[in-house]
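Scroll down for the structure; my scribbles are underneath it.
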Amino acid sequence: MNNFDFCTPTNYVFGRDTELRAGELAAACLGNKILLCFGGHSAKASGLLDRVETSLRAAGVEFVEFGDIKPNPTDDRVYEGIDLCRRENASGILAVGGGSVIDTAKAIAGGVPYSGDFWDFWAGKAVMTEAMPVGVVLTIAAAGSEGSGNSVITKIDGGKKVSLRTNVLRPRFSILNPALTETLPAYQTACGIVDMMAHIMERYFSNTRDCELTDRLCEGALKAIVDLAPRVMADPADYQARANLMWAGTVAHNGILGVGREEDWTSHAMEHELSALYGVAHGAGLSVVFPAWLDYVAQFNSDKIEQFGRRVFGVESSAEAIAALRTFNRAIGMPITLAELGITDPDIPLLVSNLHDTKGPLIGNFCPTDPSASEKIYRLML
Ligand code: NZQ
Ligand code: ZN
């Protein structure tokens, strides 16, 4: 087990009707004038935005709306949000939505106090040391951005989708009402399930030895998700299953399941190139990428995959473990090939060159991946 620092300053406010506390929490943590970020449609249609705005007014918090943030969020909206925050002299940002809304809010938060181009942080040209405070009302259990220090933004010019990770961007508070996820389309629920499992597996497939507690926490969380998934897919209004999944999505990515060891993240990097080039939903992309990556690395490094198979799916070999993962993904309606993802003629050389341009010549730690290996892994998705 390696040395580690683990800091999650986020106040998680969990349960039914907790969005009614948005005003009180915003007044305490975000100041008295906020940018209110939301997505394309769902938060307005469900009445959530109205409830949040009523709560803000009651707490005396002024707000400026910044809506229509699209999935796989892009840099143009970040620049727009930075300008708006500066013009309005906002003191904080509240994100009402999923990963795309939260990540946009975080990028704006990091960009406002910085005199240069916010993309400098994502391009690795500058280190973020301060940000406006961000709060969250979560509407989908998936990306885990409500508890992470990550923000994933696509630069339209060049089509690069890049993740920045810094504790400076961890939300001050995250309101988690599982009932808000009951309006999700089945496809988005399933995408979220795949994504949270991937966040755990990116940390679990590690060569660092003697992390028994962290391994067992990962396996327990994965097993719980595998058991809960069919319940929410069969009955979207199963509050208890939604509640457990929502907390699983947060725990999967707030860092606690990675402590003490090297993490991998090759599958995420490979998926981000698919989302950037073809606009696919992140979780659906991971459903195709992760088993293909496992197929490839199992040739060199199979012990941990066998342990995963035994402890999560009750099977013996690495091949059975990977097959069980594919069967699970398919059972919740997720694709397992690029064609099923809607990418019938993938430009694999371009995916590989974009990937290594962004991430460097070698990616990941479990089985470091060079361009020739990346190409083989993309081909395993056909
Ligand atoms: O825009 P609206 O109308 O709200 O629709 C959204 C969107 O179409 C809809 N939705 C969300 N909550 C809903 C709902 N529909 C009905 N009822 C609700 N309660 O779901 C769709 C997807 O929303 P999005 O925010 O894109 O989903 P998700 O949370 O999966 O976020 C995906 C983004 O997060 C990034 C991904 O790459 C992707 O860009 N990630 C962010 C991470 C982080 N910051 O830590 C880590 C992840 O690995 C991931 O890369
Ligand atoms: Zn993810």
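Show me the helices (runs of 4 or more DSSP H) entirely contained within segment 242-324 in which 3 or more residues are crowded, with 23+ Cβ neighbours inside 10 Å and not small (Gly, Ala, Ser). The qualifying helices (runs of 4 or more DSSP H) are 266-278, 282-297. When segment 221-241 is filtered for residues that are outside any helix (DSSP H, G or I) and under 24 Å from residue 285 (Cβ atoms), only 236 remains.
If only residues of segment 162-214 that are assigned to a helix (DSSP H, G or I) and among the β-branched types (Val, Ile, Thr) are counted, the one that is nearest to ligand 1 (Cβ to nearest atom) is 183. Candidates 243, 252: the one that is closer than 17 Å to residue 189 by Cα and either in contact with a strand residue (DSSP E or B) (Cβ under 9 Å, 6 or more places away or on another chain) or among the β-branched types (Val, Ile, Thr) (or both) is 243. Pairing each residue of segment 184-201 that is aliphatic (A, V, I, L, M) with any residue that is outside any helix (DSSP H, G or I) and near ligand 2 (Cβ under 10 Å from one of its atoms), provided the two are 6+ apart or on different chains, yields C-beta distances under 7 Å for 196/142; 196/144. The single residue among 142, 126 that is assigned to a loop (DSSP other than H, G, I, E, B), in contact (Cβ under 8 Å) with a residue 12 or more places away in the chain, out of contact with any strand residue (DSSP E or B) (no Cβ under 6 Å at 6 or more places or on another chain) and crowded, with 24+ Cβ neighbours inside 10 Å turns out to be 142.
Computed from the coordinates by the stated procedures, all read-outs in this text should not be read as laboratory data. The structure displayed is predicted, hence computed values, not measured ones. Cβ sites come from the backbone with ideal geometry, for glycine too, and all protein chains shown count toward neighbours.
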